[in-house]
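Below is one structure, written out as structure tokens; comments come after it.
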Amino acid sequence: MIGLLLLLCTSWAGDPLVRPPAPVIRAGECPQSIPITQGKPLPPSILKAERAICSGVVLPPSQLAYLLATEIHRDAIETVHVEDIRILQARLDEYGKPPTWVDRPAVQRTIGGVVVGAVAVGLWTVYLYAGGA
């Protein structure tokens, strides 16, 4: 019962995390990524009269690679979460169905009684005709 309650609570957890929308490029921002290399002059696409013509942030390539790897990892976790929710809902649907006739306790008790009765009658018959009485 507690397990079913936990499954229900987990299924009510909701949809997976929603990805935020792509940002809108604002006035004054650089329209694209611009590579900057150590020891080389800054690209002319961001300078005019030795002043920046757009705003941006310079990130080390290793940090950018880490952020991209983190995003890929989050996407994988989201995929696993969606699959877990699908499996959980399928199991909950399965628990909601009535059991098959063989899985019903009354049928199992009846079959067990018939088998035990048949074995008892068989043993009694063997005892009776084998000269036990």
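Each value in this text was obtained by applying a stated rule to the coordinates, not by laboratory testing. Because the structure is predicted, anything quoted here is derived from the model rather than measured. Neighbour counts are summed over all protein chains in view; Cβ atoms, including those assigned to glycine, are modelled from backbone coordinates with ideal geometry.
Computed values, structure above
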quantity: As computed over the chain, the Cα convex hull volume per residue (Å³); calculated: 214
quantity: Positive-pole candidate from Pro41, Cys30, Pro20, dipole of the chain, charges at beta carbon; calculated: Pro41
quantity: Interchain or long-range residues, amide H under 5 Å from Leu47's placed H; calculated: Ile53
quantity: Helix runs (DSSP H) in the chain reaching 24 Å along axis by Cα, Kyte-Doolittle at least 1.6; calculated: none
quantity: Total charge dipole magnitude, the chain, about the Cα centre, Cβ charges on Lys, Arg, Asp, Glu only, Debye to nearest 20; calculated: 140
